[in-house]
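Visitor: This is the structure, below, for whatever I ask next.
The values are calculated or read from the model by the stated rules, or taken from the named source; none is laboratory data. Everything numeric in this text was worked out from a predicted model, so none of it was measured. In this analysis, Cβ positions are derived from the backbone assuming ideal geometry, glycine residues included, and neighbour counts consider all displayed protein chains.
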């Protein structure tokens with residue numbers, strides 16, 4: 001999967017990502033949600049930077065921040081709030097308090113290495129999202145992926161949290 005993702009040129013990733021984000025925007029789930037957890041994408045993930053910037057003024061947009069072995073949430077207030085995260089260098093909001101009202105999160109957009117038709121997700125192996133998703137029981141979990149990341153099945157472990165749906169280009 002890493003090789004497949006690396007083979008896609010950056011410009012094509014952006015075009016494919018925009019198609020995926022348009023599909024997310026068209027869902028009733030997204031349109032009605034007021035508090036959403038998105039993510040600041042890494043180079044090999046479905047690109048979210050433009051999407052985050054498009055929506056943070058209309059919704060409470062939270063981004064995950066890596067603290068030790070866990071993800072904490074902070075509100076994104078604009079590009080100026082981002083700093084490089086300590087562990088992975090991913091943009092994380094700084095200067096805003098940790099969001100602790102996890103029961104208020106309505107929708108979570110989740111990246112992954114691969115997904116299957118049952119909503120199972122293969123992550124990067126550290127369990128960050130699985131631990132977080134267990135603490136947000138009221139949130140709808142939407143996996144986002146390029147078409148080629150959709151497989152017939154992915155390995156599942158007891159601690160894995162499945163997605164409610166997965167959205168790709170098609």
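Visitor: Contact list please: Cβ distance under 6 Å, first residue in the range 1-19 and at positive phi and surrounded by fewer than 10 Cβ atoms within 10 Å (Cβ to Cβ), second residue assigned to a helix (DSSP H, G or I) and modelled with pLDDT of 95 or more, pairs at least six apart or on different chains.
Guide: Taking only residues 6 or more apart or on different chains, not a single pair turns up.
Visitor: Give me the residue from the range 77-92 that is surrounded by 17 or more Cβ atoms within 10 Å (Cβ to Cβ) and over 17 Å from residue 50 (Cβ atoms) and, out of that set, modelled with the highest pLDDT.
Guide: Ranking the candidates gives 92 first.
Visitor: Another question, if that's okay. Which of the residues spanning the range 105-118 are under 17 Å from residue 27 (Cα atoms) and surrounded by fewer than 21 Cβ atoms within 10 Å (Cβ to Cβ)?
Guide: If the condition is that a residue be under 17 Å from residue 27 (Cα atoms) and surrounded by fewer than 21 Cβ atoms within 10 Å (Cβ to Cβ), then 106 is the only one that fits.
Visitor: Next question. Here are some conditions: (1) surrounded by 16 or more Cβ atoms within 10 Å (Cβ to Cβ); (2) at pLDDT 95 or above; (3) out of contact with any helix residue (DSSP H, G or I) (no Cβ under 6 Å at 6 or more places or on another chain); (4) part of a loop (DSSP other than H, G, I, E, B). Residue 47 meets all but one. Which one does it not meet?
Guide: Looking at each condition in turn, residue 47 falls short on (3).
Visitor: Scan the range 124-144 and give yes if some residue there is in contact with a strand residue (DSSP E or B) (Cβ under 7 Å, 6 or more places away or on another chain), assigned to a strand (DSSP E or B), modelled with pLDDT of 90 or more and surrounded by fewer than 18 Cβ atoms within 10 Å (Cβ to Cβ), otherwise no.
Guide: no
Visitor: Looking at the range 50-59 only, could you name the residues that are surrounded by 14 or more Cβ atoms within 10 Å (Cβ to Cβ) and either in a loop (DSSP other than H, G, I, E, B) or touching a helix residue (DSSP H, G or I) at 6+ places or on another chain (Cβ under 8 Å) (or both)?
Guide: Within the range 50-59, 51, 56, 59 meet the criteria.
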